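The values are calculated or read from the model by the stated rules, or taken from the named source; none is laboratory data. This one's a predicted model, so the numbers in the text were calculated from it and none came from an experiment. A quick note on method: Cβ atoms are made from the backbone with ideal geometry, for glycine too, and the neighbour counts reach across all protein chains shown. When the accessible area is computed, the model is the full protein with side chains, heavy atoms only, and any ligands, DNA or RNA have been set aside. Shrake-Rupley method; radii C 1.70, N 1.55, O 1.52, S 1.80 Å.
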Amino acid sequence: MNSLGMIMLPVLALAAVSGCSDGPEPSTVSALGVGGAQEDAEEAAAADFAAVKAGVEKAGLFDEKDLFMSIDPVEPPKGRAGAWPRVARFEILRKPELKVIVGTFDLEKAAVLESREVKDVEPWLTDSELLEDIQRIVLADAGVQEELAHRGIPVVDQQRRVRVDPWATGARSAPSGHGQRLARCLFFERSSEGTYYTHPIEGVTALVDLASEKVLSVEKDPDLFPVSSRSRLLTSELKGLQRLESSMPDGVSFVADGNNVAWWKWKLRWSFNAREGLVIHGATFDDAEGKAHDVLARGSISEIAVPYAPSSPTWGWRCAMDEGEYGLGRCSTPLTPGKVTPAFAKSFHCAIADEFGDVSLKEHAVAIYERSRGPLWMHNEEWPADSGYAVTPFEEDRELVICTLATVGNYDYLFEWSFTLSGAVRLRVSLHGILLSSGTQDKTCAECRAVVDADDTLLSRHLVEANTGAPLHQHLISVRLDLDVDGEKNSVTEEDAGGADKGKAYYTWKRRTLKTEKDSVREAGASPAFGWRVENPGKTTSLGHHPSYRVLPHSHGKPVIVADDPFVKKAWFARHELAVTRYDASQLFACGDYVLSESPGGTLETWVADDQPVAGEDVVCWVTLSAVHLPCAEQWPIMPPVTVGVDLMPDDFLSESPTVR
């Protein structure tokens, strides 16, 4: 038995019309108050951030012209229970010299513990820089005004009609020079109806230095392209379908105490920060006697690289690092109960710090709910009625979902961590939103009209509407999985298809233990037949097995990576489906702490190059998921989801099924 009881779960009903009442009131949690429920968490967060700001000002590390890049909690060592230490890590951009200062602040002692300058790095661009400064600077530039006027938008109308879409310069561009804060800009025509992303002003982009508040260059294509004039309301065409809702009339069966969650045999903690967004901590699963066994020490999204295929002057630089450049937590958008999540979902507002050291409250940033999964198990054995023999066992499956939503420009990423009755952990990343489009002279597909040998047809973009194309691109997602399977000392084995064992088996599988970090690296799209197995070689179950979890990635297409594409130098992970490294608490991001410059702490590539032993050690698995996106007309003007993920499946973790008596 665990604290929630054995499989006595409330009814989860699915009906055409639900009588579900309003869901539970949202709770608020603070980034610096990870632990149990906290009274007045938003006010507590504001007080904590103000204390950090006052403390670093007193220490001479910050003044009113400077910006906070982050104020995050210092996570405790693995395995430590209870509330997190009251220590914050801060990062400051000092202006105008653009020095980066990092340090820690003790909230109990109200004192800076340590601080240092990190030289030759560039932190991400802040919301005020991206959303306020750029619009003003760019549309006041004479060169930009001339190009927009050349494309049919008079100067007097540009402030009203033009939307500037700011980007970081990207992994294909040279880093900012000394004293610079560079960004690039796309242009769209605002629409009174619907989204501006369906109205690209093609063939012109601008390079901006935010430090000097100047446009350094305007890149342009020689050809002029029409801007789509078709209004897109993005209203649903679904008609004639009855309403379909789920409900939990008896209430939910999980317990959420602040960041702590207990459900079925699972106990875990979650946190939320500006860069990673939702992070899972310390997930354990109970055996039949109620003893908790470690499963996942820390699960997070490490980076998302989005390289686009076209190489023209206005497209060739486009390769976003959606986490390291913009922040998944910073880009959080509400999981509205009754829309994105069921009405009975428990949602949380998350208080993080903005660039001024004030509270940025991300409403409904995290949601927790239970979801039906159909049959958990079933079987039928029926003999003739007069025999009186029938076996028809059945049980319904469900999972606990902890999710968050981040809108990064034109894309919306739904991240769902789910925990199942049978002990599995599943991560699903669903890509929603609007394709990044380009203007074109074509009204019908030129490639489809042409009579060419299919072997010679090379395509980098596809017509999705008259005068509108969408380019081939990819989303390459690095997932950091610190699995501690029944303890910290684990080995990773590769499980692949074997040959026939003559006279014994037509086919077999083979298992090989990965010995070192370099030995663990696997090329993208080359996963073994049965995935990888993370096991604890120091323990055995009653059946003599080493407790383990199987790692099974699920991608959408095989990534297309060209070795000389400049982004690969930064996003080494994109070329590799798996890498295993020795645990290091400071190594959280596959592209390093700074994606706009070199990272002093290295990247996944340099960590693997150390080639430390990984068999029987505390290790981290880095799994790359690929969503290769070949656009088509059905994905325009707004796309159905493309979903990728990774399953962590119990594999001899216990000695019997946890759901059968």
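Listing for the model above:
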quantity	calculated
Degrees, to the nearest 10: 41-58 long Cα axis against longest axis of the chain	60 degrees
Global form of region 160-238, assessed from the alpha-carbon gyration tensor, a/c cut-off 1.5	prolate
Shape of region 109-221, Cα gyration tensor, a/c cut at 1.5	prolate
For region 470-485, 3J(HN,Hα) per residue [Karplus equation, 6.51 cos²θ - 1.76 cosθ + 1.60, θ = phi - 60°, Hz, x = Gly/Pro]	9, x, 4, 7, 9, 10, 10, 10, 8, 10, 9, 10, 8, 7, 10, 6
Order of exposure, largest accessible area first, which applies to GLU382, GLU577 with probe 1.4 Å	GLU382, GLU577
Listed residues PRO613, PRO528, LEU514: farthest to the positive end of the dipole of region 513-618 (Cβ charges)	PRO528
Per-residue HN-Hα couplings for region 331-345 [Karplus 6.51, -1.76, 1.60; θ = phi - 60°; Hz; x = Gly/Pro]	9, 4, 10, x, 8, 5, x, x, 10, 6, 10, x, 4, 8, 5
In nm, spacing of pseudo-spin labels at VAL74 and LEU244 (7 Å Cα→C-beta vector)	5.1 nm
Within straight-line cross-link reach of LYS109, lysines at Cα separation under 23 Å, skipping those fewer than 8 residues along the same chain	LYS53, LYS58
Extreme residue, positive dipole direction of the chain, given options ALA292, ALA505, TYR196 (C-beta unit charges)	ALA505
Lysines whose Cα lies under 21 Å from that of LYS214, excluding same-chain neighbours fewer than 8 positions away	LYS65, LYS95, LYS99
The chain - convex hull of alpha carbons, volume per residue in Å³	212 Å³
Computed [θ] at 222 nm, deg cm²/dmol, the chain (DSSP H ≥ 4; -39,500 (n - 2.57); rounded to nearest 500)	-2000 deg cm²/dmol
Whichever aspartates and glutamates have a C-alpha closer than 14 Å to that of LYS339, once near sequence neighbours (fewer than 8 apart) are set aside	ASP22, GLU245
Cβ-placed point charges (K, R +1; D, E -1), dipole of the chain about Cα centre in debye, nearest 20	480 debye
DSSP beta bridge pairing in region 263-307, given as percent antiparallel to the nearest 5	100 percent
Placed amide H near ASN490: partners under 5 Å, 5+ positions off or other chain	GLY616, GLU617, ASP618, VAL619
Shape category assigned to region 519-661 from the gyration tensor of Cα positions, a/c cut at 1.5	oblate
GluC sites (Glu not before Pro) lying in DSSP loop within region 30-95, provided at most 11 other Cβ fall within 10 Å	GLU39, GLU64
Rough spin-label spacing in nm, given labels placed 7 Å along Cα→Cβ, for SER231 and LYS558	4.7 nm
Heavy-atom accessible area ranking, 1.4 Å probe, most first, across SER300, SER231	SER231, SER300
Computed E for SER212/ARG373 - FRET, C-beta separation, R0 45 angstrom, nearest 0.05	0.20
Accessible-area composition of the chain, carbon plus sulfur, in percent [1.4 Å probe]	52 percent
Accessible area per residue, Å², the chain with all protein chains present, probe 1.4 Å	44 Å²
Lys pairs under 21 Å by Cα in region 463-561, provided they are eight or more residues apart or on distinct chains	6
